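So the structure is just underneath, and the comments pick up after that.
The values are calculated or read from the model by the stated rules, or taken from the named source; none is laboratory data. This one's a predicted model, so the numbers in the text were calculated from it and none came from an experiment. Counting neighbours? That spans all protein chains shown, and the Cβs are built from the backbone with ideal geometry, glycine included. Heavy atoms of the whole protein, side chains included, go into the accessibility calculation; ligands, DNA and RNA do not. Shrake-Rupley method; radii C 1.70, N 1.55, O 1.52, S 1.80 Å.
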Amino acid sequence: MSVNPTKLPALSPKSGQDDQVLDQALRPTRFDEYVGQEKIKGTLKIMIGAAKKRNEPIEHLLLHGPSGLGKTTLAYLIAKELGANIRITSGTALEKAGDIGSILTGLSDGDVLFIDEVHRLNKTIEEVIYPAMENFKLDIVIGKGISAKTLQIDLPKFTLIAATTKISLLSSPFRSRFGANLKLDFYEHAEIEQIIARSASLLKVSINKEAATVIAEASRATPRVANRLLKRVRDYAQIKDAAEINAVLARDGLKMLEIDNHGLEETDRRILLAIAEKFGGGPVGLKSIAATVSEEESTIEDVYEPYLMQLGFLARTSKGRMITSAGMKHLGIKREETLNI
């Protein structure tokens, strides 16, 4: 796997693009460009094809899984396949019933509404969404107390696509209103290499197969991380005036970022070390770990733990978190060296 050599642009702080702009540019624009999640793509193609034949909106969809696996990208692709406009918001942006009401009434037939971090919706918003999802009706309460009246407004037939990293926080009535519940999994190593090759081509960066393998191994089985590491290694190669990224440059670039061959960052190692050295290997509560490493509990739970568990370095039990023997081996610590407290 090698991208055609292209002269790298001169390093200039004025010509650099923001990472978010680059992420948008690297996002697949067709299903055949979207690597991985084959079962989900197959399900969606059938649902989209059937909806088109019936000339109806596709059913409401719930996408869940760890961050960076492509939930937002899937929402864009679904809307494009349907030939529909997409409106994007997040659970944190919807604070009161009027917020969701104004969005819903502004939609047109066939539009897609994408709500990211849907687990952060408050119950008031959920209650407004229920009739909108089921009957395409919006209930508005006018007045207060015994004089209050409910006004029902017809809504266009839209599709709600919701994404969450914490499906367990969604109420059962809310989950049951989605026509399909699709879980995104971590990516295979070969799939991450394909994503790196495609992104390198779009960034006009030459990279050989060995270098792509090095970056893929450190990418936490996550496309977003793979693209971020590729961009940082690209920066390192430009500083070195390299025409092509090879394995040596890739390893040196990752070493500069303090990322090891398993993709663990400093905070990952601090979490494992805290459990091993401060708490005798565990079990220990999340709050204690967060206080020890000076990170928010939600950040540890959402960002770091899923991958550490995927690697088999961390176990989550009913009594708390524990470092596994594989995690101890990765840190180079023997069990008898830990402090039992």
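Estimated from helical segments only, the mean residue ellipticity of the chain at 222 nm is -12500 deg cm²/dmol, where each DSSP H run of four or more residues counts as -39500 (n - 2.57).
Please tell me the relative contact order of the chain in percent, rounded to the nearest whole number, where contacts are Cα pairs under 8 Å and at least six residues apart. It would help to have the intermediate numbers written out before the result.
On the way: 514 pairs, mean separation 61.0, N = 341.
Normalised by residue count, the contact order of the chain is 18 percent.
Between Thr299 and Glu277, residue separation times 0.36 nm minus the direct Cα-Cα distance comes to 5.8 nm.
Counting only protein heavy atoms and a 1.4 Å probe, the stretch 244-297 has 49 square angstrom of accessible area per residue.
Starting from the Kirkwood Rh over alpha-carbon pairs, what translational D in µm² s⁻¹ does the stretch 266-331 have by Stokes-Einstein at 25 °C and 0.890 mPa s?
After rounding, the answer is 218 µm²/s.
Projecting the alpha carbon convex hull of the stretch 55-201 along each direction and taking the average yields 10.3 nm².
Taking a threshold of 31 Å on the Cα-Cα distance, which of the pairs Lys53/Lys123; Lys41/Lys319; Lys231/Lys319; Lys183/Lys231; Lys39/Lys96; Lys45/Lys137 fall above it? Those over the limit are Lys53/Lys123; Lys41/Lys319; Lys231/Lys319; Lys39/Lys96. Gly285 sits among other residues whose Cβ lies under 9 Å from its own Cβ, and their net charge, with Lys and Arg +1 and Asp and Glu -1, is +3.
With the Kirkwood sum run over all distinct C-alpha pairs, the stretch 222-318 has a hydrodynamic radius of 14.9 Å.
The fraction of accessible area contributed by carbon and sulfur in the stretch 131-264 is 52 percent, rounded to a whole number (1.4 Å probe; ligands and nucleic acids excluded).
Nonpolar atom fraction for the stretch 266-331, defined as the carbon and sulfur part of the 1.4 Å probe accessible area, stands at 47 percent.
Each part gets one Cα centre, and for the stretch 35-94 versus the stretch 105-142 those centres are 17 Å apart.
For the peptides 225-232, 254-261, the ranking by mean Cβ contacts within 10 Å, running from highest to lowest, is 225-232, 254-261.
What's the Kirkwood radius of the stretch 189-257 in Å, using all Cα pairs? The partial results should precede the final answer.
On the way: mean 1/r = 0.0884 Å⁻¹.
Its Kirkwood hydrodynamic radius stands at 11.3 Å.
For the stretch 23-85, the normalised intensity computed at q = 0.25 Å⁻¹ comes to -1.23 (log10 of I(q)/I(0), Debye sum over alpha carbons, equal scatterers, no solvent).
Rg of the Cα atoms in the stretch 73-127, relative to 2.2 N^0.38 Å, amounts to 1.16.
In the chain, taking the dipole from charged Cβ atoms about the Cα centre, the farthest positive-side position among Phe136, Gly91, Gln24 is held by Phe136.
Among Asp268, Asp241, Asp116, which one moves the most in a GNM of the chain with springs linking Cα atoms closer than 10 Å? It is Asp241. Can you tell me the FRET efficiency between Ala291 and Arg175 if r is taken as the Cβ-Cβ distance and R0 is 30 Å, rounded to the nearest 0.05? Result of the calculation: an efficiency of 0.35.
Along the positive direction of the dipole of the chain (beta-carbon charges: Lys, Arg +1; Asp, Glu -1; about the Cα centre), which of Leu63, Ala247, Leu203 reaches farthest? Value computed over the given set: Leu63. Note on the chain: percent of Cα-Cα distances in each 10 Å bin, starting at 0 and stopping at the bin with the largest distance, equals 5, 21, 25, 24, 17, 6, 2, 0.
Can you give the net charge of the other residues whose Cβ lies under 15 Å from the Cβ of Ile167, counting K and R as +1 and D and E as -1? Taking every Cβ under 15 Å from that of Ile167, the sum is 0.
For His189, the shell of other residues with beta-carbons less than 14 Å away shows a net charge of -4, using +1 for Lys and Arg and -1 for Asp and Glu.
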